[in-house]
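The block underneath contains the structure these notes are about, expressed in structure tokens.
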Amino acid sequence: MCVIRKWLFSFVLIGITILVNAQDSDSLKLKEAIIKSTVIDTIIPPPESAVTFSVNPDKTISLKDHLEASRYDSLWMRELYNTAQLSGQMYEVVGSMGELLSDTLEQELPELSTELLKERLKALDEKTPFNIAYNPSLESVIKSFLIRKKDLMERMLTASQFYFPLFEQELDNHNIPLEIKYLAIVESALNPRAKSRVGATGLWQFMYSTGKMYDLEVSSYVDERSDPIKSTRAACQYLSKLYDIFGDWDLALAAYNSGPGNVNKAIRRSGGYTNYWNIRNNLPRETAGYLPAFLATMYLFEYAEEHGLKPVEAARPYFETDTVHVKRLITFDQISRMVDVSKEELTVLNPSYKLNIIPYIAKKEYTLRLPKKEIGKFVTNEDSIYAFVEQELKSKESVLPQFVKADSRIRYRVKSGDYLGKIAERYGVGVSQIKNWNGLRSNTLRIGQRLTIYPRKPYIASTSSSNSNKSLNNSELKFHTVREGDSLWTISQKYPGISIENLREWNGISGNKLLPGTKLKLCACSS
């Protein structure tokens, strides 16, 4: 084999020598072809780390690095990306838990007798710092999850493989029980971009003011309440402080949900009891179901195999990713085309960037998180990537939003055709937030009225009549026709700025049942 390689190499050198002496252009072209195809491809195979960078005619980018780098499993990525649909289900579960606690579940589970549940709860109590004791209300919650929300729990088991290693590391760093990791399921269904009806955001559902206490930045581009590492660290600090106050993890969790003040009020109203189950009836409705939902989730995760709960196997956990500091503004779309990582995957790995744009601000450090095997591709080609981004952004006519701090207050003057949902969507806030900021008791607005707003996203005024304004005034968008499978939650998600409470108020709905074919008003307008 070595003899053959030497002979081939000698042959190539002879060919090159002859071609060097050739003067005509055809010979030169032939020389280049032989050198490229024979010397490079045949004798010296390219290393796996060989890099190419070129812009194709269709404006896609050819950028290669380690050939063994692979994408996430598509099914696994879909599970992570679709957790956005599950946070609404969890909000509904916790919100209705208070009613469930007062009832007994009629349907029995053959595989889970009351005696068996008592044994398992006792075993959990012995190995955790929580007060886990059997009571009929907790049994109802656990059985309700198994009967009505089994699919939700299986999907949580899947997503947890991605986030739990990160949670456990931070919890251990702060000397907090590792079981607290289940709290993020109750809070957000492991959706880092989850947003509650009152504006709480992220895996750990921080309100803006609480997030600010723990240095979580919120601007027009960035919401660090959605950053898995930073928000988890902040949650650990907040939970540690609550435990220092109450000296009991059950009460600390109740205070995390409704605030220390409400827990203290419940203790006083109960006559001085400090056990969660003794003060539960004096807590806010949602908090009354909060700890039972947490304990039920803990039980189902600890005994998932016994109940036949089967997650999708994780391709890799959160820690099998790495970060690189960005050196100029760059979009997810550009990154996706250059490093061959889908925009959905970039959203999962970088959920704190609200507009799918990573900004560049002097004296600030913003990072891009990628699978570890893809980081080399970005770093190796960094100069070329930024050169391409610079060229592409210059060629675009669209105006990028200004970097605006979320605590920049504005005064908005109500115009003809305005309604709270429309204004809320424009500035990325909730209707209830606008009402709270301005002391509004109803959704009625008057022309010329001044509203105080703390925008969560940039708003760029149009110099001409925009299509979006036209569509908002279109009568077709004032109503939604209920389809099979619709719920108040799914409908509210289709129309940004409209909450479940809005739909109930505007349509006189008291419960959750919707009949297919019903037309729901999408504004506080007259029909």
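State all residues of the stretch 200-248 that are part of a strand (DSSP E or B), in contact (Cβ under 8 Å) with a residue 60 or more places away in the chain and among the β-branched types (Val, Ile, Thr); if no residue qualifies, say none. It would help to see each step written out before you state the result.
Filtering the stretch 200-248 down to residues part of a strand (DSSP E or B) leaves 201, 206, 218-219, 222-223.
Keeping just the survivors that are in contact (Cβ under 8 Å) with a residue 60 or more places away in the chain gives 218-219, 222-223.
Within the stretch 200-248, 218, 222 qualify.
Of the helices (runs of 4 or more DSSP H) lying entirely inside the stretch 275-359, those containing at least 2 residues that are in contact with a Gly (Cβ under 9 Å, 6 or more places away or on another chain) span 285-288. Inside the stretch 123-181, can you point out the residues that are open to solvent by 10 Å² or more (accessible area, probe 1.4 Å), under 19 Å from the mean Cα position of the chain (by Cα) and under 29 Å from residue 278 (Cα atoms)? Scanning the stretch 123-181 gives a single hit, 181. Taken together, the residues in the stretch 218-245 that are in contact with a helix residue (DSSP H, G or I) (Cβ under 7 Å, 6 or more places away or on another chain) and open to solvent by 40 Å² or more (accessible area, probe 1.4 Å) amount to 4. Considering the stretch 333-356, the residues that are in contact (Cβ under 8 Å) with a residue 40 or more places away in the chain and touching an Asp or Glu at 6+ places or on another chain (Cβ under 9 Å) include one that is surrounded by the most Cβ atoms within 10 Å (Cβ to Cβ), namely 352.
Which one is modelled with the lowest pLDDT, of the residues in the stretch 360-373 that are in a loop (DSSP other than H, G, I, E, B) and of a type outside the set (A, V, I, L, M)? Don't jump to the end; show me each part of the working.
Going residue by residue through the stretch 360-373, those that are in a loop (DSSP other than H, G, I, E, B) are 360-366.
With the extra rule that they be of a type outside the set (A, V, I, L, M), the set shrinks to 360, 363-366.
Working: 360: 89, 363: 82, 364: 87, 365: 89, 366: 94.
Ranking the qualifying residues of the stretch 360-373, first place goes to 363.
The residues of the stretch 282-321 that are of a type outside the set (Lys, Arg), modelled with pLDDT under 90 and either open to solvent by 50 Å² or more (accessible area, probe 1.4 Å) or farther than 19 Å from residue 131 by Cα (or both), listed by number, are 284, 286, 311, 312, 313, 314, 315, 317, 318, 319, 320, 321.
The values are calculated or read from the model by the stated rules, or taken from the named source; none is laboratory data. Being a predicted model, the structure only gives us computed values, none of them experimental. Note that we place each Cβ from the backbone using ideal geometry, even for glycine, and neighbour counts take in every protein chain shown. Remember, those area values only see protein heavy atoms, side chains included, never the ligands or the DNA or RNA. Shrake-Rupley method; radii C 1.70, N 1.55, O 1.52, S 1.80 Å.
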